[in-house]
Structures are given as C-alpha cells and as structure tokens.
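The values are calculated or read from the model by the stated rules, or taken from the named source; none is laboratory data. Since we're looking at a predicted model, the values are computed, not measured. Cβ coordinates were reconstructed from backbone atoms using ideal geometry, including for glycine residues, and neighbour counts include every protein chain displayed.
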Ligand code: URA
C-alpha cells in the first residue's frame, strides 16, 4: 500500500501494478466509484488489515488484501451487465430509507453484490436501465463530455409543431443552461396518439408521440425540454442507451447482455481500454476481458 502522491504515475513501485483504492473497489464491483469513496471515508475499507480512509491511497493489485466490512474484494471476476425494463412507480436507487419500491427489488442483487444502476430514470419513467458491477465503465459512460446517446420516446400534451421540434433539435434554454443539439423525430401527431410500451394512454386529447436522442443527462431533461416548448410530457420511455436496446424485455423484467452487446458498450467509450491498460499493466482486470 502506498500513500497518495502528488504525481501518481511517478510513484509506481517496482514490485507490481498499483491502482488508487477507490478505483480498485469500483473495478472489482464493490460499488460505484463515488460510493467506493464513501465506503473509504466511512472507515469500512481495510488494506492488509488496516483501515484506509485517505482517498489517494494506492494498492498493489497483486499483493494487497482489500476488504470491505471484513469481506475480501478481488479483481478478476467477470463484471456483470444487465438491462432492466423499468416499470413506473419505482425509484432508481438501491436503498430508499423511506422503504418505497425501488429497482433493487427487480434485479438479482443477491447473486451479484455491487450491482448498481448506471444513471437514473424518474419514478414515472419506464424503459431501459443498465446495471453493472463495473464502476469504472459506468463512470465513463456517464462522463459529462462523453455521454452515450440515449433515445427516449415521449408522449406530450398537444400537437407539437415542426418549429417546436426544430427548437428541441438546436437547443432550448433551461434553468441550468442551453441544451446540446438533439435528434428529434415526430412519430405521431393526432387526437389518438398513445404512448407505446404500455405507458398510460390518453384518449380523445391532442397529443404527440416524439422521439428525442440526447447526449447529456441532466435531471428531468426530457420533461423540462418538452415543457419549455409548451408541451408537457404525459408519459416517457427510454428505448435505447448507447448501443443497447431492450429487445422484448417485459416491464419489470431484466436480461443479461450478450458478449456482442458488452463489446459494443466498451466500444462506445473507447478510452476505457486505454485507461485500464495504463493503470493495471500486465495484470489486467475483469473489465478488459470483453475487449
Ligand atoms: N428525462 C426525464 O425527464 N426523465 C427521465 O427519467 C429521463 C430523462
């Protein structure tokens, strides 16, 4: 174990590849990167039997023994990837202190400790939610400058005009700034437009079904964008996340990704491969097995 160094790469020891402890924990699937930091500062992480709370501390990935709450955390297992078709009425959190329904009850957490959702969907939003044990990849998928494209289908109130669609494409001003350019497709403008995917239908009311593909992930972004052009969202569904689609998964059900999908996910954030190789040298870790 090595204490934080102002110049991390210069501090690589000769006896084996090192990695920052919070990164090690995220890679090993103990938790997301941020949550790994919380585990450390809460004093729940030990290295070779000593509690480590200093965030920059490095571990020797071949020789150090890392534990969380006394349980050994190892690199090298294959990370897990699955997609859930999130139904309405459950929160995207693995722990709700108020005991409300959460996505945790819908995915196989007991079989895969460290599983967590990549990003969030609102309680009333349905659709594709990716889960993984690979905290490092999740961190990169959600990086503000490299968000993978996400396609949503929204049923909005009223007849959304082409000029509104154009405004959504070029960018609308929200209270946290202009939105980035988005792809927008009008799917159905009619008195009978209904949300696909089992979301609530509206009857006898003018409504528009519109698809939006965003490359950023601000809170309630689709709802705020549509409201900004005068068409509040009635129902919202996420159809795609980067290269991933649900492929027939029913609401409330999940499936594992196949190898091609995992490879496509890594390809969507290519610097994962570079970063991982630099950090781990020859040792390699689970998340590289799919490259
Ligand atoms: N945009 C929203 O407004 N809500 C979501 O759940 C996802 C994107």
Tally, over segment 208-221, of residues that are in a loop (DSSP other than H, G, I, E, B) and touching a helix residue (DSSP H, G or I) at 6+ places or on another chain (Cβ under 8 Å): 1
Residue 247 vs. criteria away from the ligand (no atom under 16 Å from the Cβ) and either modelled with pLDDT of 90 or more or part of a helix (DSSP H, G or I) (or both): yes
Within segment 222-236, considering residues that are touching a strand residue (DSSP E or B) at 6+ places or on another chain (Cβ under 6 Å) and assigned to a helix (DSSP H, G or I), the one farthest from the ligand (Cβ to nearest atom): 226
Flag for residue 273 being within 23 Å of the chain's Cα centre (by Cα) and at pLDDT 95 or above: no
Given (1) at pLDDT 95 or above; (2) crowded, with 21+ Cβ neighbours inside 10 Å; (3) out of contact with any helix residue (DSSP H, G or I) (no Cβ under 6 Å at 6 or more places or on another chain), number of the condition residue 124 does not satisfy: (2)
Failed condition for residue 177, given (1) at pLDDT 90 or above; (2) on the phi > 0 side of the Ramachandran plot; (3) surrounded by 14 or more Cβ atoms within 10 Å (Cβ to Cβ): (3)
Checking residue 227 against (1) loosely packed, with under 15 Cβ neighbours inside 10 Å; (2) farther than 30 Å from residue 112 by Cα; (3) free of Cβ contacts under 8 Å to residues at least 12 places away in the same chain, the condition it does not meet: (1)
Among (1) more than 23 Å from residue 89 (Cβ to Cβ); (2) away from the ligand (no atom under 11 Å from the Cβ); (3) at pLDDT 95 or above; (4) within 23 Å of the chain's Cα centre (by Cα) - the single one residue 215 does not satisfy: (3)
Residue 202 vs. criteria more than 12 Å from the ligand (Cβ to nearest atom) and modelled with pLDDT of 95 or more: no
Residues being touching a strand residue (DSSP E or B) at 6+ places or on another chain (Cβ under 6 Å), within 16 Å of the ligand (Cβ to nearest atom) and part of a loop (DSSP other than H, G, I, E, B) - total across segment 101-136: 3
